[in-house]
Amino acid sequence: MFSSRFTVTAFLRFAAWGLCLAASHFAHATLPIEAWTLPNGARVLFVENRALPMLDVSVDFPAGSSRDDPATSGLAGMTVALMRLGTQSLDEAKIAAELADVGAQMGSRFDTDRSGYGLRTLSSAKERERALAVLADVLQAPTFPADVLEREKNRLAAALKEADSKPETIAQRAFSAAVYGSHPYGLRGSGERATLERLTVADLEQFYRQWFRSDWAVVALMGDISREEADAVARRLTERLPRAGGPVPPLPAVEDLAAPVQRVIDHPASQSHILVGQPGITRTDPDYFPLFVGNYILGGGGFASRMVEEVRQKRGLAYSSYSYFSPLEQRGVFQIGLQTKKEQAAQALEVVRDTVTRFVAEGPTPAELEAARMNLVGGFPLRIDSNKKIHDYLGLIGFYRLPLDYLDRFVENIESVSVEQVRDAFRRRVNPDRMVTVVVAGAVPQK
């Protein structure tokens, strides 16, 4: 067993940073993060916090939608959804009743890279044990009942039929397909109606056996238990899972766009939906912090961003516009988006393109950078002001193997970003001449 220990001193840093906030002082606390590996290979991250009689625990696996292929799109999502709808000892109704009896909440986590379950329960022994028994069964003994699968397929197909008529869904699907082509990141996590129809119980069982392995599991715990109790909980939640015996199969690399892509899609909506972007960065990209801070200035900072200033404040073309990086195991998307009146779409798109091009070429001003750093550092306490938020970070740190002092050094990493670093990172990582542009219900600028 391997063990390491770091101390999250982020709150302490905010007290020092109070010079920027006059006489205000942040409450501070020390939150030790402990990490170790179980004999079955599962990785465990734990923070003990006795402030509340609660326990948050989650178990994640590399079983997100990126493990689907075009023929099985939706399989990963359907597998994790059905795990809680029937186990070897509990049916759907009993699972719900058991959790309700002890006041526990259980939910699935499903995104492009990850899939798993989380539980919030009272830390008192009786309630905790009953809630953990349910979670252990869901993770290790799902049965994927055939009648429940048919019901969920029909329910999801109906929801997709309705969603697929909406301009925002049409835009996002076209955008993802254009950015990622045949890469699994271009697949819709929910799947398509045609692929869902073909899914069988055998498909779900095979997917579950392939990806829910003990040595690929990341167990994150935070709350009112000891280190020894956390170890016992992690073992209980993974002891019946088989080992993979090797590393997680890597996802294919995401390639740069070979050329700009532009798609204009007719729709009767009165508002145009505009998306612009390209492949962005991985979760462990060394340019993460310069790009994170720079994007806050470009389009991530709401009313403080250049995008809103140019599109809304100066020209009144839209209520809001945004940009963001979505770092993943492979390169997640860099995306810009806005909605505007159909007749203003071409003008708004031109403003967006000019704003990005100018920012990539020139970078931020020193004043913009200082304001962004202050806002990001000042807002950081809100990112870790509850057990749930810190627990979410534990899962993130564990899954993407980020440094255990990630939270400790977050403020330091933000404060150390310079104008030159932002400009250099954007010039290397964002190419305004090679973007995907999707406009639904609108026009593009005439050259």
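The values are calculated or read from the model by the stated rules, or taken from the named source; none is laboratory data. Values in this document were obtained by computation on a predicted structure and should not be read as measured data. Neighbour counts run over all protein chains shown; Cβ positions are idealised from the backbone, glycine included. To get the accessible areas, we keep the full protein, side chains included, count just its heavy atoms, and leave off ligands, DNA and RNA. Shrake-Rupley method; radii C 1.70, N 1.55, O 1.52, S 1.80 Å.
Quick look at the numbers
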quantity: Total charge dipole magnitude, the range 218-347, about the Cα centre, Cβ charges on Lys, Arg, Asp, Glu only, Debye to nearest 20; calculated: 360
quantity: Lysines whose Cα lies under 20 Å from that of LYS126, excluding same-chain neighbours fewer than 8 positions away; calculated: LYS94
quantity: The range 316-447: Rg to Rh, with Rh as the Kirkwood radius over Cα pairs; calculated: 1.02
quantity: Whole-number percent relative contact order across the chain, with pairs defined as alpha carbons under 8 Å at least 6 apart; calculated: 21
quantity: Binned Cα-Cα distance frequencies in the range 90-242 - 5 Å width, integer %; calculated: 1, 7, 14, 17, 17, 15, 12, 9, 6, 2, 0
quantity: The range 220-315: relative contact order in percent, alpha carbon pairs under 8 Å with at least 6 residues between; calculated: 12
quantity: Cα shape, the chain, gyration tensor, a/c 1.5 rule; calculated: oblate
quantity: Spin-label proximity, ARG427 to the range 274-308 - amide N less than 11 Å from point 7 Å beyond Cα toward beta carbon; calculated: none
quantity: For the range 395-447: Kirkwood Rh in Å [reciprocal of mean 1/r, alpha carbons]; calculated: 15.2
quantity: Fraction of accessible area attributable to carbon and sulfur, the range 198-314 (%, probe 1.4 Å); calculated: 52
quantity: Volume in Å³ per residue [convex hull over Cα atoms, computed for the range 72-180]; calculated: 130
quantity: Aspartates and glutamates whose Cα lies under 15 Å from that of LYS388, excluding same-chain neighbours fewer than 8 positions away; calculated: GLU48, ASP56, ASP224
quantity: The chain - mean residue ellipticity at 222 nm from DSSP helices (-39,500 (n - 2.57) per run, n ≥ 4, rounded to 500); calculated: -12000 deg cm²/dmol
quantity: The range 290-447, relative contact order in percent, only Cα pairs under 8 angstrom and at least six apart counted; calculated: 30
quantity: Highest to lowest packing among 343-356, 102-115, 322-335, scored as the average C-beta count within 10 Å; calculated: 322-335, 343-356, 102-115
quantity: Candidate lysines for bridging to LYS342, where Cα separation is under 23 Å - those fewer than 8 sequence places away on the same chain excluded; calculated: LYS166, LYS314, LYS447
quantity: Average silhouette area of the range 186-236, convex hull of alpha-carbon atoms, in square nanometres; calculated: 5.9
quantity: The range 85-141, accessible surface, carbon-and-sulfur percent (1.4 angstrom probe); calculated: 48
quantity: Solvent-accessible area per residue, Å², over the range 55-160 with all protein chains present [probe radius 1.4 Å]; calculated: 35
quantity: Debye log10 I(q)/I(0) for the range 364-430, one point scatterer per Cα, at q = 0.15, 0.20 Å⁻¹; calculated: -0.61, -0.93
quantity: Heavy-atom surface of the range 379-436, accessible at 1.4 Å and reported per residue (Å²); calculated: 44
quantity: For the range 291-355, convex hull of alpha carbons as volume per residue, Å³; calculated: 81
quantity: For the range 103-154, alpha-carbon Rg relative to the globular expectation (2.2 N^0.38 Å, N residues); calculated: 1.36
quantity: ARG401 paired with LYS161, simple spin-label distance in nm, labels 7 Å along Cα-to-beta-carbon; calculated: 4.6
quantity: Prolate/oblate/rounded label for the range 190-335 (Cα gyration tensor, a/c 1.5); calculated: prolate
